[in-house]
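This report refers to the structure that appears directly beneath it.
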Amino acid sequence: MIAALCARLRQLGQPAMAGHLEALPPPHQATLAARLAALDLEHLPALVEPACSAPAPPPDAAGLEPPVAVPAAGGPDAARARALGADLLARGQVAAFVVAGGQGTRLGHDGPKGEFPATPLTERSLFAHFAAQLRASRARTGVAAPWYVMTSPDNDARTRAFFKENNHFGLDPADVFLFEQGELPTLDAAGRLLLADADRPATHPNGHGGALMALRDSGALDDLVRRGVRHLSYFQVDNPATRVLDPLFIGLHALPGVSSGEMAAKVVVKTDPAERVGVFGCRAGRLGVVEYSDLPADLARRRRADGGLAFSAANVAVHLLSVDFLARVTEDAEHLPLHRAVKVATVWDAARGLVDLPGAIKLERFVFDALGWAEAPLLLEVDRVEAFAPIKNADGVDSPATSRALLVERAARWLEAAGVAVPRRPDGAPDCTVEILPETAQDAGELAAAPGLPTAIARGARVVI
Ligand code: UD1
């Protein structure tokens with residue numbers, strides 16, 4: 001078996017790995033052989049080609065068109081859409097899906113990001129905060145939406161333990177489905193497999209685009225079909241401003257004539273050319289996202305006649321996908337392209353042990369590439385304060401502090417819209433800390449209808465509503 005595997009590795013252009021495997025003592029040899037076999041070596045040539053080819057040239061303006069988004073309030077179809085969204089939720093036809101496989105390296109948090117305390121006063125973890133939204137939706141509709149949670153091999157055990165320790169945050173464990181995303185081998189610049197240890201190939205999570213195949217491979221797609229779910233509400237674990245089940249967005253996505261109901265995305269208006277968000281663009285009539293690292297500076301700075309940025313539809317990574325579309329797009333993993341990132345990887349070599357290797361190639365798939373497969377995908381423009389408070393970095397922009405400030409500003413706006421006086425500083429920021437629990441309200445309309453609101457918030461007060 002070892003001899004056959006070494007021969008196959010040589011055929012696949014991996015003589016160094018074959019030589020290393022042959023030279024290993026038996027117990028380690030068997031371990032490495034099993035781990036290599038699990039990597040699906042037959043797909044290796046399909047990885048080596050994108051890993052070693054020259055990086056794709058940055059997009060130019062030719063043929064890249066800014067897309068058209070439905071305005072924040074939902075346009076003339078808003079009332080019908082909201083009713084349809086509420087109806088789909090009440091029929092149990094919508095599920096929630098969070099991707100939580102990332103490492104949180106930039107945040108410097110040692111563990112799954114979903115454990116991170118995110119809300120301004122109650123300091124609920126991201127997972128607890130999203131679960132509270134699901135409980136609130138269940139209380140309103142009478143129906144529990146199932147929740148699919150994608151982890152990665154690095155954080156799966158700890159995420160499962162966190163859910164267990166917290167009694168699944170008051171959700172029925174039968175409605176919470178955790179599964180791991182896949183991994184891909186990390187390669188060097190010549191397309192050679194690398195080692196993370198003497199008996200372990202170096203691997204990395206295959207990107208959030210891997211989420212779609214992982215839904216199929218884990219049995220989650222079958223579970224969705226069995227439950228009669230028709231639409232999946234996708235979001236990232238790092239944005240506590242996400243409305244996990246948004247009736248307006250769901251309804252617009254599912255409304256014939258407005259969208260095909262295959263895949264939709266929320267966008268916010270990008271105003272700073274340097275902001276690290278992907279932007280939507282259409283090429284040959286197909287919608288996609290150009291990542292911030294790929295958008296040339298002249299395109300990032302280009303302005304329209306009215307002064308706004310030409311490419312201003314920023315990706316907040318909130319999507320709806322129909323279950324039928326999900327089944328179609330996951331018929332073949334190759335439907336989503338591989339993106340190549342050149343990074344430092346910690347690798348093992350026989351002479352030096354563990355060393356940092358600059359220039360290692362990590363390939364990832366991105367979920368938004370599925371938009372290119374969808375008919376007439378819907379883009380809904382939403383107010384940034386309503387929808388986007390990402391936690392990416394330990395300090396500065398997109399940090400826990402900026403995220404909390406945005407959640408407080410959103411709470412202040414909802415209170416003011418409900419007729420509650422909120423003290424503000426000369427710079428306009430709320431001069432108090434308010435947190436509105438999802439159990440009380442998930443939007444301004446729900447808050448206005450909530451009983452027992454105060455008439456005013458005192459200056460400097462810290463209030464949970
Ligand atoms: C991402 C988007 C960007 C968008 C921004 C909004 C990409 C390539 N870009 O950028 O267009 O404007 O979010 O916040 O995604 N994750 C996994 N598995 C993986 C990789 C990531 O589950 O293998 C999850 C992470 O847990 C996180 C999310 O995907 O929830 C985003 O990942 P991250 O790499 O932080 O994306 P950004 O570079 O911030």
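The values are calculated or read from the model by the stated rules, or taken from the named source; none is laboratory data. Please read these numbers as outputs of a predicted model, since none were measured by experiment. Here the Cβ positions follow ideal geometry from the backbone for every residue, glycine too, while neighbour counts run over all protein chains shown.
So here's what we get for this one:
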read-out	value
Checklist (1) over 30 Å from S403 (Cβ atoms); (2) within 14 Å of the ligand (Cβ to nearest atom) applied to N239, failing item	(1)
Count of residues meeting criterion [closer than 26 Å to R340 by Cα and of a type in the set (G, A, S)] in segment 12-54	9
Only listed residue being under 30 Å from L88 (Cβ atoms) and either within 16 Å of the ligand (Cβ to nearest atom) or among the basic types (K, R) (or both), chosen from A333, A374	A333
Matching residues, segment 307-362, being within 25 Å of C52 (Cα to Cα), in a strand (DSSP E or B) and under 17 Å from the mean Cα position of the chain (by Cα)	H339
Sole residue being out of contact with any Pro (no Cβ under 9 Å at 6 or more places or on another chain) and in the same structural domain as L453 (by TED's automatic domain parsing), chosen from R410, R424, R404	R410
Failed criterion for D398 (all others in (1) outside any loop (DSSP other than H, G, I, E, B); (2) surrounded by 15 or more Cβ atoms within 10 Å (Cβ to Cβ) hold)	(1)
Set V176, V149: member being under 29 Å from P438 (Cβ atoms) and crowded, with 21+ Cβ neighbours inside 10 Å	V149
The listed residue being in the same structural domain as E180 (by TED's automatic domain parsing), at pLDDT below 95, out of contact with any Pro (no Cβ under 6 Å at 6 or more places or on another chain) and assigned to a loop (DSSP other than H, G, I, E, B), out of L121, L107	L107
Residue identified as in contact (Cβ under 8 Å) with a residue 12 or more places away in the chain, on the phi < 0 side of the Ramachandran plot, away from the ligand (no atom under 16 Å from the Cβ) and within 16 Å of the chain's Cα centre (by Cα) among L245, L252, L224, L232	L245
Some residue of segment 308-316 being within 14 Å of the ligand (Cβ to nearest atom) and under 25 Å from G182 (Cα atoms)	yes
Test for P240: is it in contact with a strand residue (DSSP E or B) (Cβ under 7 Å, 6 or more places away or on another chain) and in contact (Cβ under 8 Å) with a residue 24 or more places away in the chain	no
Single residue of A405, A411, A456, A449 found to be closer than 30 Å to G278 by Cβ, modelled with pLDDT of 95 or more and surrounded by fewer than 19 Cβ atoms within 10 Å (Cβ to Cβ)	A405
Test: residue in segment 372-395 that is at pLDDT 95 or above, on the phi > 0 side of the Ramachandran plot and assigned to a loop (DSSP other than H, G, I, E, B)	no
Complete set of residues in segment 204-221 that are surrounded by 20 or more Cβ atoms within 10 Å (Cβ to Cβ) and not aliphatic (A, V, I, L, M)	H204, P205, N206, G207, H208, G209, G210
Those residues of segment 274-330 which are crowded, with 22+ Cβ neighbours inside 10 Å and on the phi > 0 side of the Ramachandran plot, in sequence order	A317
Residue match in segment 78-91 (condition: at pLDDT below 85 and not in a loop (DSSP other than H, G, I, E, B))	no
Residue that is nearest to V367 (Cα to Cα) [pool: residues in segment 277-296 that are out of contact with any Gly (no Cβ under 9 Å at 6 or more places or on another chain) and more than 10 Å from the ligand (Cβ to nearest atom)]	G285
Test result for L178, within 21 Å of the chain's Cα centre (by Cα), in a helix (DSSP H, G or I) and modelled with pLDDT of 95 or more	no
Evaluation of L363 against (1) farther than 24 Å from L126 by Cβ; (2) away from the ligand (no atom under 14 Å from the Cβ); (3) in contact (Cβ under 8 Å) with a residue 60 or more places away in the chain; (4) in contact with a helix residue (DSSP H, G or I) (Cβ under 9 Å, 6 or more places away or on another chain) (one fails), failing number	(2)
Residue within segment 421-442 that is surrounded by fewer than 16 Cβ atoms within 10 Å (Cβ to Cβ) and of a type in the set (D, E) present	yes
Per-region count, segment 298-317, residues hydrophobic (A, V, I, L, M, F, W, C) and under 20 Å from H339 (Cα atoms)	3
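Here's the yes/no breakdown for (1) over 30 Å from D294 (Cα atoms); (2) surrounded by fewer than 20 Cβ atoms within 10 Å (Cβ to Cβ); (3) within 16 Å of the ligand (Cβ to nearest atom):
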{"site": "P55", "(1), (2), (3)": "no, yes, yes"}
{"site": "P71", "(1), (2), (3)": "no, yes, no"}
{"site": "R80", "(1), (2), (3)": "yes, yes, no"}
{"site": "A95", "(1), (2), (3)": "yes, no, no"}
{"site": "G102", "(1), (2), (3)": "no, no, yes"}
{"site": "D110", "(1), (2), (3)": "no, yes, yes"}
{"site": "K113", "(1), (2), (3)": "no, no, yes"}
